[in-house]
Amino acid sequence: MLALTTPFLWYTTRASGTVALVLLTATVVLGILTTTRASTSGVPKFAISDLHRRVSLLAMVFLGIHIFTAVVDTFVPIGLAATVVPFASAYSPLWVGLGTVAFDLLLAVVATSLLRQRISARSFRAVHWLVYISWPVAVAHGIGIGTDLRFSWMQILVAACLVSVLTALAWRVWAHPYRGGHRTAVPPPAREQVRPITSSARTGSGLGQGARGGAGR
Amino acid sequence: MTTLEAGPATARLLAGLGPAAARLDLGSHLAVHGPLALPGRRDRHWADSFVGATAESGLTGRGGAGFPTARKLQTLRSERRRPVVVVNAMEGEPASRKDQFLATRVPHLVLDGATLMAACLNAPGISVCVARGSTAAARSFAAAVAERERAGVGGVPITVVQPPDRYVAGEESALSNWLDGGNSRPQFRPDRPAIPRVKGRPALVDNAETLAHVALVARYGPAWFRQLGTPGSPGTTLVTVSGSVDDPGILEVPIGTPVSSVLATAGAGSTGGVLLGGYGGTWLAPTDVGTPYDPVSLRDVGCTTGVGVMIALPAGGCGLAETARIAHWMASESAGQCGPCVFGLPAVAQDLTVIARGRAGHRDADRLWARLGTIDGRGACRHPDGVVRLIRSAVTAFAGDVNRHLSHGPCPGAAWPSVIPLPRGAEVVEWR
Amino acid sequence: MAVERLLRLDPVVCDAFGHCAELVPELIGIDEWGYPVVDPSPIPPHLMDHVEAAVRACPRNALSVQRVAASNPRRPIASSRVVVRRSSQAR
């Protein structure tokens with residue numbers, strides 16, 4: 001097999017991975033912001049939603065570069081299978097494997113997103129929630145692989161990613177609780193006295209003892 | 001052919017029922033009405049004449065929509081797949097007991113109608129839908145089905161099923177969704193009128209009382225049917241009279257009988273207003289109680305027949321307070337799917353409550369009116385529309401009361417006990 | 001045969017995200033609870049692009065465009081007697 005390795009590939013893998021993580025984090029934050037229905041005068045709701053979609057595609061581009069260069073570079077033995085089969089890499093199988101898991105989940109999310117108009121709303125949402133697994137797994141992959149974690153700027157970057165998602169989640173949960181349907185907005189009044197209505201063919205009994213003047217039971 | 005007397009207490013559906021109104025078993029039913037004339041095998045001529053007779057009778061649906069029965073039948077006939085017949089005996093309106101009455105006293109009349117429809121449509125089966133809480137009705141239908149099987153009456157298999165006891169569960173799309181294995185929530189159907197589908201087959205969904213009339217028309221003919229009622233709305237109809245009356249119960253009345261006559265038969269004196277149709281219906285002002293009970297005349301005074309509910313308010317009673325109670329209950333019976341219903345109904349119910357309690361001003365009344373316009377027509381089903389119609393009619397029929405409440409505070413009647421039955425609270429949460 | 005296009009909203013799946021009212025405010029307003037009020041009349045051709053953007057933008061896929069024959073339009077869901085208050089922020 002052709003031995004292809006240059007420092008350029010290695011640096012590209014690390015850099016694109018870092019950028020992909022940042023973009024993925026931004027995607028998650030924008031997605032959470034979309035659900036809060038928040039907006040500013042300069043950034044309307046549809047723009048946040050649109051940004052979420054565009055940033056996610058950009059993240060996938062950088063993720064593609066990251067995976068491609070990692071596989072092609074023979075400096076570390078990561079086979080082609082390891083791109084989609086978790087823990088199949090010779091190099092650092094656990095941490096690369098986590099990256100593979102995150103990538104597999106993202107593939108499902110992106111596929112359902114592109115086919116959103118054709119699949120059921122429930123399927124789309126169910127798969128979309130997988131990002132709440134994919135993103136932390138991607139962060140774990142980044143930390144575990146640890147290539148650049150010795151630099152303080154990398155540590156700050158990863159911490160910032162974690163903080164931003166957690167903050168967005170906290171804001172979403174506490175400031176904008178889900179207010180969908182399947183419940184009444186105000187509780188009904190106390191139960192009225194139930195007057196039993198029994199059927200009769202005008203034989204006098206039943207339908208309560210409705211009397212004139214409203215002085216019923 | 002029996003001669004049946006006319007009058008406010010006419011007996012056609014109620015024929016053969018003694019004063020105790022005991023259930024007619026198969027034998028008694030056949031003694032009163034004669035045998036059911038079913039074709040031996042698939043007979044197109046018979047089906048054509050059956051549809052023709054139903055059309056000539058001018059029978060309209062008794063489930064609230066008042067749709068011409070023959071037209072619905074013809075639409076189903078033109079479907080490629082064999083339809084199923086669904087008997088809607090859900091009767092979600094708490095103040096209506098007519099369908100349960102038919103089920104427990106003359107089930108065979110309802111089943112005859114369903115069997116005739118099934119024969120005409122070449123349907124593979126019939127589903128009789130009874131609300132889960134109506135055990136007597138379900139038992140009576142089941143017993144009737146067994147009687148028919150034993151006696152070899154003929155016709156396709158009939159199954160009695162019991163969807164959940166929710167107000168909206170009897171709505172056509174909710175019913176077909178439940179029969180299809182889903183829950184009892186109305187479905188969004190952008191194409192109207194949409195034919196409900198059950199397991200891929202189109203479904204003929206008819207009210208139990210409608211099918212009972214169909215059975216009578218098939219036996220006695222459309223000309224006989226048209227002897228009573230009005231030219232536009234022929235025949236008789238069942239009315240459940242309750243509220244401030246001495247003799248509440250179910251009456252069979254020729255359509256067109258003045259409302260006051262119906263109330264008089266039920267032993268009502270002067271009234272403060274009459275709720276017609278159901279909890280999504282309309283209020284008849286005291287001055288209009290002489291109106292004939294038919295769709296056209298009632299429409300002229302802003303009212304509808306609905307499912308034959310007639311609740312008489314006592315003289316001096318407060319229609320606004322009663323409407324507010326109904327509106328709150330209807331809000332709790334929302335399927336919870338659509339924002340305008342989930343949020344709008346409690347809001348207008350609260351607006352009306354504040355007015356009824358005499359704590360509102362004209363701005364609150366304006367806001368209520370604006371909100372009604374916002375909610376109307378924006379749900380997947382007609383539930384919010386019904387509440388809007390009810391409140392609008394209350395404000396119109398009791399306009400004087402509204403002004404008095406706004407300027408002087410509540411009337412004494414607002415504190416009187418309610419005559420409106422409002423069963424079950426929000427604890428019942430089952431939808432499947 | 002003249003074809004009209006109607007803007008349809010599925011009120012069951014709609015979750016008051018409000019993107020639609022931002023993208024085609026000429027046809028969609030917001031009620032006081034944040035839910036869209038859709039104009040039931042045929043979509044003017046010059047707004048078709050904006051309508052399609054709104055249909056694509058909806059996170060719940062609640063919007064759709066229905067084509068009907070001009071001679072026999074199906075009755076739309078949204079009422080035409082609607083009071084619309086444009087609110088700048090859906091709560």
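Just from its helices, what would the mean residue ellipticity at 222 nm be for the protein assembly as shown, if runs of 4 or more DSSP H residues each count -39500 (n - 2.57) and the sum is divided by every residue, rounded to the nearest 500 deg cm²/dmol?
-14000 deg cm²/dmol
Helix B:383-397 versus the longest principal axis of chain B: what angle, 0 to 90°, nearest 10, using Cα atoms?
50 degrees
Provide a whole-number value for the mean count of partner chain Cβ atoms within 10 Å of the Cβ atoms in peptide B:337-350.
Mean shielding by partner chains, rounded to a whole number: 6.
Give the cross-link partners of A:Lys45 among the aspartates and glutamates, using a straight C-alpha distance below 18 Å as the criterion and excluding same-chain residues fewer than 8 apart.
Here the aspartates and glutamates satisfying the reach criterion relative to A:Lys45 are C:Asp15, C:Glu22, C:Glu26, C:Asp31, C:Glu32, C:Glu52.
Check the straight Cα-Cα distances from B:Lys72 and name the lysines below 16 Å, setting aside those fewer than 8 residues away within the same chain.
none
How tilted is helix B:135-151 with respect to the longest principal axis of chain B? Cα atoms for both, answer in degrees (0 to 90, nearest 10).
Value to nearest ten degrees: 10.
Any aspartates and glutamates with Cα under 18 Å of the B:Lys199 Cα? List them, leaving off those in the same chain fewer than 8 positions away.
B:Glu79, B:Glu171, B:Glu172, B:Asp180
If each of A:Leu115 and A:Ile143 carries a label point 7 Å out from its Cα toward its Cβ, how far apart are those two points in nm?
3.4 nm
Note the angle between two axes, namely the Cα long axis of helix B:44-57 and the longest principal axis of the Cα atoms of chain B, as a number of degrees from 0 to 90, rounded to the nearest 10.
30 degrees
Per the Kirkwood formula on distinct C-alpha pairs, the Rh of chain B is how many angstrom? Please report the intermediate quantities before stating the final value.
On the way: mean 1/r = 0.0451 Å⁻¹.
Kirkwood radius, chain B: 22.2 Å.
So how much slack lies between B:Arg363 and B:Asp43, counting 0.36 nm per residue of separation and subtracting their Cα-Cα distance, in nm? Could the numbers behind the result be given before it?
Details: separation 320, 0.36 × 320 = 115.20 nm, distance 6.49 nm.
Full-extension gain reported as 108.7 nm.
None of the figures in this text is laboratory data; all of them are computed from the coordinates on show. All of these numbers come straight from a predicted model, not from anything done at the bench. Note that each Cβ is placed from the backbone with ideal geometry, even for glycine, and that neighbours are counted across all protein chains shown.
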